[in-house]
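Before any comments, here is the structure.
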Amino acid sequence: MKFTLGWLKQHLDTSANAQQVAAKLTAVGLEVASVSDPAAALAAFTVAHVLEAKPHPQADRLRLCTVQTASGTVEVVCGAPNARTGMKAVYAPIGATIPSSGDVLKKAKIRGVESNGMLVSERELGLSDEHEGIIELPPSATVGAAFAAVRGLDDPVIDISVTPNRGDCLGVFGIARDLAAAGLGTLKPLAIRPVPGTFRSPIGVSLKLTPATANACSYFVGRTVRNVRNGPSPDWLQKRLRAVGLRPISALVDMTNYMSFAFARPLHVFDADKVKGNLHVRLSRAGEKLLGLNGKEYVLDDQVTAICDDSGVLAMGGVLGGEPSGCTETTKTVFIESAVFDPLRTAATGRKYDIVSDARFRFERVVDPEFVAPGIEEATRLVLEMCGGEPSELVVAGEKPAWRRQVKVRPSRVKELGGLDIPVSEASRVLQALGCTAEHKPDHALVTPPSWRPDIHGEADLVEEVVRIVGIDRVPAVSLPRVAGVPRPALSPLQKRAAVARRTLAARGLLEAVTFSFTSARLAALFGHADARLVLQNPISADLDALRPSALPNLVAAVGRNLDRAAEDVALFEVGPAYRSATPEGQMRNAVGVRQGQATPRQWAGGARPVDAFDAKADALAVLDACGVAASAAAVEPGAPSWYHPGRSGTVCLGTRTGPKTVLAHFGEIHPRILAELDIKGPLAMFEVFLESVPPSKDKGTTRPKLNAPDLLPVTRDFAFLVDAAVPAATLVRAAEKADPLIAAVSLFDSFAGKGMEAGKKSLAVAVRIQPAEKTLTDPEIEAVAQKIVAAVTKATGGTLRS
Amino acid sequence: MDDLDSLTNSLLAEIGRADSAAALEELRIAALGKKGTITGLVKTLGAMDAEERKVKGAAFNAAKDRIAAALDARRAEIAARELDARLAFERVDVTLPVRAEAQGRIHPVSQVTEEVIAIFAHMGFTLAEGPDVEDDWHNFTALNIPPDHPARQMHDTFYLQDDKAAAAPAGAGAGGNRPALLLRTHTSPVQIRHMQANRPPYRIIAPGRVYRSDSDMTHTPMFHQVEGLVIDRDIHMGHLKGCLEEFLRAIFGIPDLRYRLRPSHFPFTEPSAEMDIGCSRKGGVLKLGEGDDWLEILGCGMVHPRVLEYAGVDSNQWQGFAFGLGIDRIAMLKYGIPDLRAFFEADVRWLRHYGFAPLDVPTLSAGLNR
């Protein structure tokens, strides 16, 4: 909402300047977006008197002007056809910046004659497109006076953002009222008097709505004014409209725009001679057409509030007028409409047809029902003043919507809720200044908010009014009452797990990424997307049309993008949402990661090797370990979902022999087909850890089991077994571990198949650490344990000890 | 005795001349071995009488000790010399790089979220959470944004595919249709879910992802917010002001950071305000904590009584404030990160540059500025 300081001062008696006004506006909640002073850019331009204009000696089209200026008489070369002796023009001295081009004016010789500045056109000053000639000022203009002042362009323009609840401040008068309440000046009361009609309006109005749709237009007031002379509106009005960014059109149209901006009272004017019969308001019929004042044709559905005559729809009520019935320079009879349209229907129509208009903007935010009639009276006065004519009596349909309601308020709430300790009298004064009336009771008041404030419903609303007008800066800051003792943990176990997973993975050399929760439906499908509801109706682009089944598709795609930028060995992880179904429970939190290229980069000390499933397995197990799941407690089984390499992937799970298994993680190489489809260079290994599935730690207190660290030295023996290639290493290790209670650890240090090995077989070698408990073991005792190990492994795997 | 002395002296001289461990060992065997010269002398003791044995024995042992000591001393000398000689050749080029280990980093959004949590945890807040896929009721209606409210337009909502087949059978009554699902446009629905599931008083923050169908230089379709909610018997706007003042000064590490509350409007709070912090914009460079310009930082207000009622909390008994702020925005301001869009692109160059060390966990005791 834009307005000028001068316009504001028409309604507000104040000595405040633009900056003071702006500061107060922001303080009362009418946030100032900008304050611009058009005079600033025009400061260098002054009134000049062309003492003599004679032809340029070297050029027919140019003139040589002797010009009297603020800084003496100078010679100026001018190309404008209207430059002539005796005129008053606008002079730009050397050094002035021309607003339209930004160029700084320099002394120059034009066709051999020196020009000391220039006489400027409206276009050069950025005022209009007018460039036929230089600006001609009235003869009364004083030489040396600031051009901006002479043209009335020295009125600062203030632009505020009005929140949707404040339709009343979409008019300058409403803004003035808020400022007056806040003590910036005195509101000048409006003196709107009914204009007596001299004849009966030949155009009648009626509402043809059903009870269900009656609120589309509840109140419609109109009047005919005949024998008007439409033409350009007066200078003062044009200046104001231009200042707020509107283009003056004609007196009648400019009047409606003025009423919108001055009083938040949108009006419409019909050329009455183009109206067939009477006007009525009804809902549109599907297929009806309207050529709008904006030049676009609209085909209506059956939900538009239509203002119609006998021939059909003339306007979309509250949104847009129609071209055929619009006022033009030749309009002789005008019909003025002032009505109340339903905010919701107005908004819906505007959205549906994508029409942004000043009327829609105001009706959406609710107009003042008490200003319908005063609005048309003031409009009539302006029409008579500008265009002459004779007004008819008013025609009225419907009823003024009821708006009176009482809000119970306890004065103590200003302090209890607003934190503002002020006398009751001050709060009362504020509410009164805003237009509220009150009925006082012993411990509360019944406040009737004014007709222009449909947003005030409850006690809290009134507290807000008091606080914002008195000043939110007057509310003292108070620390929150401290919770006794040291605060309890802020994070839930799951939240803590997520935090720990992040730090663990970053410490393992992966970079944390945060990618969108969306992905493309195509990528989602590759990574296990299942629920058809997890697709957006209105995606921002086709690449982002589905909720991701996990962060994997986004991370894999990110690897591709990074490789395209010549990155090497990309390792990324994300701890974030994965969507299984469109329910609150369907949103899971996963720690997922990808590693591409070399596990360790190429380096002088050697040791570089490509990433493989075991890097991903290590990442997954590290996350689980950090979340309290020891690697020894989880079982690793071959295989993982379809997006993994079928033979080079695994699943980490927990579970009893009998009960269902809980899947904690998947890991492995990516399926080569996906890599090929996404055109990404491998190798690429990845993992998903399901943080929700990690069992909560059993609360056993903080005490740890006692450390068992015997003084007796352990004995280590190596064993190599020949087993079927299909035997999982873990089976062998577990069998060896359980062979005897003295076995402290079994570590697998070699796995070999191929050359020199029987086909279908492999060799697995383990080092077994035997820990004596009470006394040093003798050789026969060690041998006995070794025998048990061999027997256990053979039993579990069918393997044999290699000799 | 002269024999012993001369033998000893000649052995000591030879030991002094020996220049390797092997030569020393030969000398030791020649002198102290089973057939060594000194050993040979000791063996002669047996043939002596007691008196002589006493005198000679002492002399032999003294000689033996001197030689053994000399051997040890010389051995140590040689070892030291050999080590020096070896060290003269043992050299590495210490300017070679270390064995490369990939350096992981924490994303600024995670780091700043933890910073925010650290501050509010200190003030006794706990974390609450809610789903990203929300229903219309939690995201809008319960927050006092009825259908067709103009505020809904400001939210640019993403909707999920509706499931036509899931429509309720005829006669199920109003609201029988499965409600439209959407991606939450703010973290405020977490307030509702938390109040529905717990009894007051409340003191929570809810960080998380939010979604708006909006994308340009300064907007991304997804970003991060943290919601705050404090409800108790007598929490008023002064508390809101104090709490957020303390928070903003702590998060930016500027103890005298200027701020102001500006009255504003949100459907779910009444009174509502926006908070600005002091800054300067000299030469297009934004600096917090100086200058006389303002920067909008968050929205807040006293929870609307209707919101409390929607969530099943008696608004005659309980009141308090709520606020919402952008985590990404705090990260950008605090750490001078220019472009919001880059947050979500997973460019490894960006992650390495703007990321944080893995073990750099923000704590109040160590300070929150990096």
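Mind listing just one residue for me: the one in region B:178-200 that is assigned to a loop (DSSP other than H, G, I, E, B) and of a type in the set (Lys, Arg) and, of those, nearest to B:Glu129 (Cα to Cα)? Before you say what the answer is, go through the steps one by one.
Within region B:178-200, the first condition is being assigned to a loop (DSSP other than H, G, I, E, B), and the residues that meet it are B:178-180, B:184-188, B:198-200.
After this cut, where a residue has to be of a type in the set (Lys, Arg) as well, the list is B:178, B:184, B:199.
Values: B:Arg178: 23, B:Arg184: 12, B:Arg199: 16 Å.
It comes out as B:Arg184.
crowded, with 17+ Cβ neighbours inside 10 Å, under 23 Å from A:Ile192 (Cβ atoms), within 14 Å of another protein chain (Cβ to nearest Cβ) and touching a strand residue (DSSP E or B) at 6+ places or on another chain (Cβ under 8 Å), is that true of A:Phe363? Here the answer is yes, as A:Phe363 does meet what is asked. Restricting attention to region A:745-760, the residues being in a strand (DSSP E or B) and surrounded by fewer than 17 Cβ atoms within 10 Å (Cβ to Cβ) number 7. For region A:761-803, a residue qualifies if it is in a strand (DSSP E or B) and without any contact (Cβ under 8 Å) to a residue 40 or more places away in the chain, and exactly one does: A:Lys761. Test B:Gln111 against the criterion of being on the phi < 0 side of the Ramachandran plot, more than 7 Å from chain A (Cβ to nearest Cβ) and not acidic (Asp, Glu), and give yes or no. Answer is yes for this residue.
All told, B:Thr126 meets the bar of being under 28 Å from B:Arg249 (Cα atoms) and either modelled with pLDDT of 95 or more or buried (at least 18 other Cβ atoms within 10 Å of the Cβ) (or both).
Where strands (runs of 3 or more DSSP E) fall entirely within region B:219-334, those with at least 1 residues that are without any contact (Cβ under 8 Å) to a residue 40 or more places away in the chain are at B:259-266, B:269-280, B:293-303.
Considering every residue within region A:534-549, establish whether at least one is assigned to a strand (DSSP E or B), within 27 Å of the chain's Cα centre (by Cα), at the interface with another protein chain (Cβ under 7 Å from one of its Cβ atoms) and closer than 19 Å to A:Phe667 by Cα. Within region A:534-549, none of the residues are assigned to a strand (DSSP E or B), within 27 Å of the chain's Cα centre (by Cα), at the interface with another protein chain (Cβ under 7 Å from one of its Cβ atoms) and closer than 19 Å to A:Phe667 by Cα.
Of A:Asp159, A:Asp129, which residue is surrounded by fewer than 18 Cβ atoms within 10 Å (Cβ to Cβ) and part of a loop (DSSP other than H, G, I, E, B)? Steps first, answer last, please.
Values: A:Asp159 fails: part of a loop (DSSP other than H, G, I, E, B).
Within the list A:Asp159, A:Asp129, the selection yields A:Asp129.
Considering (1) among the aliphatic types (A, V, I, L, M); (2) buried (at least 22 other Cβ atoms within 10 Å of the Cβ); (3) in a helix (DSSP H, G or I), the lone condition that A:Ala525 does not fulfil carries the number (2).
Residue-by-condition table, conditions (1) under 60 Å from the mean Cα position of the chain (by Cα); (2) small (Gly, Ala, Ser):
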residue: A:Ile743; (1), (2): no, no
residue: A:Ser751; (1), (2): yes, yes
residue: A:Thr778; (1), (2): no, no
residue: A:Val790; (1), (2): no, no
residue: A:Lys795; (1), (2): no, no
residue: A:Ser803; (1), (2): no, yes
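Pairs meeting the criteria (first residue in region A:63-85 and without any contact (Cβ under 8 Å) to a residue 60 or more places away in the chain, second residue aliphatic (A, V, I, L, M) and surrounded by fewer than 18 Cβ atoms within 10 Å (Cβ to Cβ), beta carbons under 7 Å, at least 6 apart or on different chains) are A:Leu64/A:Val113; A:Thr66/A:Leu51; A:Val67/A:Leu51; A:Thr73/A:Leu51; A:Val77/A:Ile110; A:Val77/A:Val113. Scanning region B:260-271 for residues that are surrounded by fewer than 24 Cβ atoms within 10 Å (Cβ to Cβ), within 7 Å of chain A (Cβ to nearest Cβ) and farther than 17 Å from A:Ile160 by Cα returns a single hit, B:Arg260. Filter region B:5-39 for residues that are in contact with a Lys or Arg (Cβ under 8 Å, 6 or more places away or on another chain), closer than 10 Å to B:Ala63 by Cβ and not aliphatic (A, V, I, L, M) and give the result. B:Thr8, the sole residue that qualifies. Kindly check whether there is at least one residue in region B:347-354 that is more than 12 Å from every other protein chain (Cβ to nearest Cβ) and assigned to a loop (DSSP other than H, G, I, E, B). Checking region B:347-354: not a single residue is more than 12 Å from every other protein chain (Cβ to nearest Cβ) and assigned to a loop (DSSP other than H, G, I, E, B). Take the residues in region B:83-108 that are farther than 30 Å from B:Glu246 by Cα and touching a residue at least 60 places away in the same chain (Cβ under 8 Å); name whichever of them is nearest to the other protein chains (Cβ to nearest Cβ). Out of the qualifying residues, it is B:Gly104. Counting only strands (runs of 3 or more DSSP E) wholly contained in region A:40-107, the ones carrying 3 or more residues that are surrounded by fewer than 19 Cβ atoms within 10 Å (Cβ to Cβ) occupy A:46-55, A:72-78. Among residues that are assigned to a helix (DSSP H, G or I) and assigned by TED's automatic domain parsing to the domain that holds B:Pro267, B:Val112 is included.
Residue-by-condition table, conditions (1) in contact (Cβ under 8 Å) with a residue 60 or more places away in the chain; (2) among the hydrophobic types (A, V, I, L, M, F, W, C):
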residue: A:Gly458; (1), (2): no, no
residue: A:Asp461; (1), (2): no, no
residue: A:Val466; (1), (2): no, yes
residue: A:Leu494; (1), (2): yes, yes
residue: A:Ala498; (1), (2): yes, yes
residue: A:Ala501; (1), (2): yes, yes
residue: A:Val514; (1), (2): yes, yes
residue: A:Phe518; (1), (2): no, yes
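Annotation for region A:399-411: no member residue is farther than 30 Å from A:Val205 by Cβ, crowded, with 17+ Cβ neighbours inside 10 Å and either of a type in the set (Gly, Ala, Ser) or out of contact with any His (no Cβ under 8 Å at 6 or more places or on another chain) (or both).
Within this structure, A:Glu426 fails the test of being facing chain B (nearest Cβ under 9 Å) and in a helix (DSSP H, G or I).
This table checks each residue for (1) under 30 Å from A:Arg497 (Cβ atoms); (2) surrounded by fewer than 11 Cβ atoms within 10 Å (Cβ to Cβ); (3) not polar (S, T, N, Q).
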| position | (1), (2), (3) |
| --- | --- |
| A:Val715 | no, no, yes |
| A:Asp724 | no, no, yes |
| A:Pro728 | yes, no, yes |
| A:Glu737 | yes, no, yes |
| A:Asp740 | no, no, yes |
| A:Gln787 | no, no, no |
| A:Ala796 | no, no, yes |
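For region A:187-211, residues that are within 30 Å of A:Gln432 (Cβ to Cβ) and in contact with a helix residue (DSSP H, G or I) (Cβ under 6 Å, 6 or more places away or on another chain) total 4. Working only within region A:38-69, note down all residues that are small (Gly, Ala, Ser) and at pLDDT below 85. Once the filter is applied, which keeps residues that are small (Gly, Ala, Ser) and at pLDDT below 85, region A:38-69 yields A:Ala39, A:Ala40, A:Ala41, A:Ala59. A:Ala438 satisfies every condition listed in (1) in a loop (DSSP other than H, G, I, E, B); (2) more than 21 Å from A:Leu179 (Cβ to Cβ); (3) free of Cβ contacts under 8 Å to residues at least 60 places away in the same chain except (1). Here A:Thr26 clears all of (1) without any contact (Cβ under 8 Å) to a residue 12 or more places away in the chain; (2) closer than 24 Å to A:Val467 by Cα; (3) more than 12 Å from chain B (Cβ to nearest Cβ); (4) not hydrophobic (A, V, I, L, M, F, W, C) except the condition numbered (3).
Got a number for residues in region A:442-462 being in a helix (DSSP H, G or I) and of a type in the set (A, V, I, L, M, F, W, C)? Walk me through how you get there before you give the answer.
Step one: filter region A:442-462 for residues in a helix (DSSP H, G or I), giving A:459-462.
Retained after the next criterion (residues that are of a type in the set (A, V, I, L, M, F, W, C)): A:460, A:462.
Number satisfying all stated conditions: 2.
Taken over region A:495-527, residues that are more than 7 Å from chain B (Cβ to nearest Cβ) and under 30 Å from B:Ile235 (Cα atoms) amount to 1.
The values are calculated or read from the model by the stated rules, or taken from the named source; none is laboratory data. Since the model is a prediction, treat every value here as computed from it, not as a measurement. Cβ coordinates were reconstructed from backbone atoms using ideal geometry, including for glycine residues, and neighbour counts include every protein chain displayed.
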